[in-house]
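What follows is a set of notes on a single structure, which appears directly below.
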Amino acid sequence: MFWLKMSFDLLFVGRKAWLFSDTPKGAHAGSVYYSLIETDKANQLEPYAYLVHVLNELPYADTVEKIEALLPWNFKSSVLEKVNDAVH
């Protein structure tokens, strides 16, 4: 339950930050990244390594199945370990 409270606290901090975004599109982009990062955490994934992998693989995902395989809850942690080792 503690992680849920922390997520809401961070959401309120983010909401204040999004008030100072230059454009509505910038605020939307920030909220999309925030949502991805929080979803990664909820699925016990390391957010940076996950985003690096997804942003590298997404251009090659040409089917719905390939895109769905990149979603945090379908993601294989063994792939993330390889990405994490390459990034660090």
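Across region 30-45, rounded Karplus estimates of 3J(HN,Hα) from the backbone phi angles (6.51 cos²θ - 1.76 cosθ + 1.60, θ = phi - 60°) give x, 5, 5, 4, 4, 4, 4, 5, 5, 5, 4, 4, 5, 9, 6, 10 Hz, Gly and Pro being marked x. Peptides 66-72, 23-29, 49-55 ranked from most to least packed, by the mean per-residue count of other Cβ atoms within 10 Å: 49-55, 66-72, 23-29.
Each reported figure results from applying straightforward, stated rules to the coordinates on display, with no laboratory input. Everything numeric in this text was worked out from a predicted model, so none of it was measured. Here Cβ is always computed from backbone atoms with ideal geometry, including for glycine, and neighbour counts include all displayed protein chains.
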